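K.L.:
I'd like to ask you about the structure that follows.
The values are calculated or read from the model by the stated rules, or taken from the named source; none is laboratory data. Here the structure is a predicted model, which is why all the values come from computation and not from measurement. Note that each Cβ is placed from the backbone with ideal geometry, even for glycine, and that neighbours are counted across all protein chains shown.
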Amino acid sequence: MADFTELNPDKTNPEGISLQELTNRIKRVVALNFASPIWVRAEIASLKTSRGHRYLDLVQKEVETDSVLARVQANLWSGTYIQLSKRMKEDIDLIIKEGQEVLLEVKVNFHSQYGLSIQVVDIDPDFTIGKYFTKKQQLFARILKEKLNEPQKSLQIPLVVQRIAIISSPTAAGYIDFITQIEHVSDRMHIQLDLYKNSMQGSTVENDLIQNLEKIETGSEPYDLIVIIRGGGAKLDLMDFDNYILAKKIAHYPIPVLTGIGHEIDISALDVVAAISQKTPTAAAQYIINKNDEFISRIEIAKLKIAEAAVNQLQEHKRQLERTRTELTHSALNFIREKKHQLAIVKGELLIQSRFQLQKTAETLRQLTREFQISNPENVLKRGFAIFSKDGKIVSDSNDIREGDKVEVRLFKGRAESTVTKTYQS
C-alpha cells in the first residue's frame, strides 16, 4: 500500500507543492493500489455511445432511499466491446443498458492531464442475470400481492375471435410465425389482423407499448383481443417485459390481452397479468385458431343435431300421417258401411212408405174416379136431370132468363125447346 504521508503538504514550504506534483502523487497512489484490474458492483445510471465506444455513468444507490452514494464515469472501448460480444453467450447490450446492475472488471488509472480513468475490461453476465431474476421474483410477488393477475382473467373473450390488434415489430420472427399460422386457416375463418408497430427490446419498449395500448383503447375499432408478440432469445431478452408499470397497465386494460412472448421456458410479468398467456407466438396463433375451431365445431354439431332432429321429426310426422291415413281409411270404411246400412234401412222404409202411399193414392184416385163418374153430366142427365141453355150458354141462375125467353133443354136422350112462362127465386 502507498504511504499516504507523502501526500501531506510540506509545512516548511509556505508556497506548497505544484499541481503537477499533486497529480503525480495521486497517480502513484492509484498505481500502487490498483496495479491490476478489480471487480466492481454498480448500476448503470446512463449510457452513451459514440464511434463504437460506450460511456457509462456508474452509481451506487442507498437501498432504502434510492439516493446516490457514489458516482463515477467508466469507458468501454469499442475493441473491448467487440471482444466481449464474441465471447459472451448473452447479448452484451442486454447487460450494458441503463438501469442494469452489473459486475464489471475495471482498470483504474489516473492521468495528470485527464484525471481519473476507469476502463471496463470484462463483464460478469451471471451476476446481472442473477440480479435480474431476483428482481423478477420480487416483481412477481408484488403482482400477486396486489392481485394484478386477476382483472384480465375476469374479462370475457368472445366465442369467435375475428378482430385482433397485434402489438409487435413487423420484422420480428415471432410476428411472422404468428401471421403465417393464421394465414394457414384463412380459407375457413376470416380474422382481421391490425399491426401496431412496437419496439420489442430496449429502453423504448415501455413507452411504445403504453402508447399503442392507449391508441387501441381510444380508437374506433372494437377489437376482440389484443395480442402481444415477441420471439424468445437469451435469458435477458425478455427483461423489458418484466416491468411493473406495463404489468399494471395491462392488468387493468378493458380488452382481453393474449401474450405470446418467449419460448417454452420463458415467463414474463406480462404473461402473469394477461387474460391468456401462451409460451410462443405460434402457440398464441394456435390458441385463437383452436378457439374459433371449437365454435365452428359447436355450430357443426348443432347443425347435425338440428338436421337429425328434423329427420326424426319428419319420420315421426310420416308415421303419424300413416297412422292417421289408416285410421281415416278404417273410419271411412266403417262410415260407408254404416251409411250403407242406414241407406238400406231407409230404402226399406221408403219402399214400405211408397207402397202405402201408392195404395193410398190409388184409393184416392178410385174415389175421385167414382166421384167424377157420379158428377158426369151424362150420368146426371141419366138420372132425370136436364141442362138448360140460352143462346148456347148454360143457364144456372133463374135471374139469367125472363118470361118468354126460349131455352134449349138437353135431356139424357135428345133435346127440346121450351118457352119460359115464369121464373122463381130459390
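K.L.:
Output the residue which, of all residues in segment 266-305 that are among the small types (G, A, S) and without any contact (Cβ under 8 Å) to a residue 40 or more places away in the chain, is farthest from I167 (Cα to Cα). Can you show your working first?
P.N.:
Narrowing segment 266-305 to residues among the small types (G, A, S): 268-269, 274-275, 277, 283-285, 297, 302.
Cutting the leftovers down to without any contact (Cβ under 8 Å) to a residue 40 or more places away in the chain gives us 268, 277, 283, 297, 302.
Details: S268: 16, S277: 15, A283: 16, S297: 29, A302: 36 Å.
If we take residues in segment 266-305 being among the small types (G, A, S) and without any contact (Cβ under 8 Å) to a residue 40 or more places away in the chain, then A302 is farthest from I167 (Cα to Cα).
K.L.:
Here's something else I'd like to know. When both residues are 6+ apart or on different chains and their Cβ atoms are under 7 Å apart, which pairs have a first residue that lies in segment 62-80 and is assigned by TED's automatic domain parsing to the domain that holds I96, and a second that is exposed (fewer than 12 other Cβ atoms within 10 Å of the Cβ) and among the charged types (D, E, K, R)?
P.N.:
Hits for this filter: L69/E62; S78/R51.
K.L.:
The conditions are (1) in a loop (DSSP other than H, G, I, E, B); (2) closer than 14 Å to L47 by Cβ; (3) at pLDDT below 85, and E90 fails exactly one of them. Which is it?
P.N.:
Evaluating E90 over (1) in a loop (DSSP other than H, G, I, E, B); (2) closer than 14 Å to L47 by Cβ; (3) at pLDDT below 85 leaves (2) as the failure.
K.L.:
Considering only segment 292-325, how many residues are under 30 Å from H190 (Cα atoms) and among the hydroxyl-bearing types (S, T, Y)?
P.N.:
Residues flagged as under 30 Å from H190 (Cα atoms) and among the hydroxyl-bearing types (S, T, Y) within segment 292-325 amount to 1.
K.L.:
Within segment 19-33, is there a residue that is part of a loop (DSSP other than H, G, I, E, B) and either surrounded by 14 or more Cβ atoms within 10 Å (Cβ to Cβ) or at pLDDT 90 or above (or both)?
P.N.:
No, there is no match, as no residue in segment 19-33 is part of a loop (DSSP other than H, G, I, E, B) and either surrounded by 14 or more Cβ atoms within 10 Å (Cβ to Cβ) or at pLDDT 90 or above (or both).
K.L.:
Still on this structure, I have one more. Go through (1) surrounded by 17 or more Cβ atoms within 10 Å (Cβ to Cβ); (2) outside any loop (DSSP other than H, G, I, E, B); (3) touching an Asp or Glu at 6+ places or on another chain (Cβ under 9 Å); (4) not basic (K, R) and name the single condition D208 misses.
P.N.:
Unmet condition: (3).
K.L.:
I've got another one for you. Please work out if T80 is polar (S, T, N, Q) and either modelled with pLDDT under 90 or surrounded by fewer than 10 Cβ atoms within 10 Å (Cβ to Cβ) (or both).
P.N.:
No.
K.L.:
Here's something else I'd like to know. For segment 176-205, give me each residue that is of a type in the set (V, I, T), surrounded by 14 or more Cβ atoms within 10 Å (Cβ to Cβ) and assigned to a loop (DSSP other than H, G, I, E, B).
P.N.:
First, the residues of segment 176-205 that are of a type in the set (V, I, T): 176, 179-180, 182, 185, 191, 204-205.
Applying the additional criterion that residues be surrounded by 14 or more Cβ atoms within 10 Å (Cβ to Cβ) yields 176, 179, 182, 185, 191, 205.
Those that are of a type in the set (V, I, T), surrounded by 14 or more Cβ atoms within 10 Å (Cβ to Cβ) and assigned to a loop (DSSP other than H, G, I, E, B): V185, I191.
K.L.:
Further, regarding this structure: Among the numbered criteria (1) in contact with a Ser or Thr (Cβ under 8 Å, 6 or more places away or on another chain); (2) in a helix (DSSP H, G or I), which single criterion is violated by V120?
P.N.:
Here V120 meets the rest and fails (2).
K.L.:
Which numbered condition trips up I166, out of (1) among the aliphatic types (A, V, I, L, M); (2) modelled with pLDDT under 95; (3) within 20 Å of the chain's Cα centre (by Cα)?
P.N.:
Among (1) among the aliphatic types (A, V, I, L, M); (2) modelled with pLDDT under 95; (3) within 20 Å of the chain's Cα centre (by Cα), I166 violates only (2).
K.L.:
Please give the number of the condition V106 fails out of (1) out of contact with any helix residue (DSSP H, G or I) (no Cβ under 7 Å at 6 or more places or on another chain); (2) free of Cβ contacts under 8 Å to residues at least 60 places away in the same chain; (3) among the β-branched types (V, I, T).
P.N.:
The one condition V106 does not meet is (2).
K.L.:
Output the residue which, of all residues in segment 105-152 that are surrounded by 15 or more Cβ atoms within 10 Å (Cβ to Cβ), of a type outside the set (A, V, I, L, M, F, W, C) and under 37 Å from the mean Cα position of the chain (by Cα), is farthest from D93 (Cα to Cα).
P.N.:
Among them, the one singled out is P151.
K.L.:
Would it be correct to say that K339 is among the charged types (D, E, K, R) and either under 30 Å from T134 (Cβ atoms) or surrounded by fewer than 12 Cβ atoms within 10 Å (Cβ to Cβ) (or both)?
P.N.:
The answer is yes for K339.
Listed here are the residues, each with its yes/no results for (1) among the hydrophobic types (A, V, I, L, M, F, W, C); (2) modelled with pLDDT under 90.
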| residue | (1), (2) |
| --- | --- |
| Y196 | no, no |
| S203 | no, yes |
| N212 | no, no |
| K215 | no, no |
| D242 | no, yes |
| I265 | yes, yes |
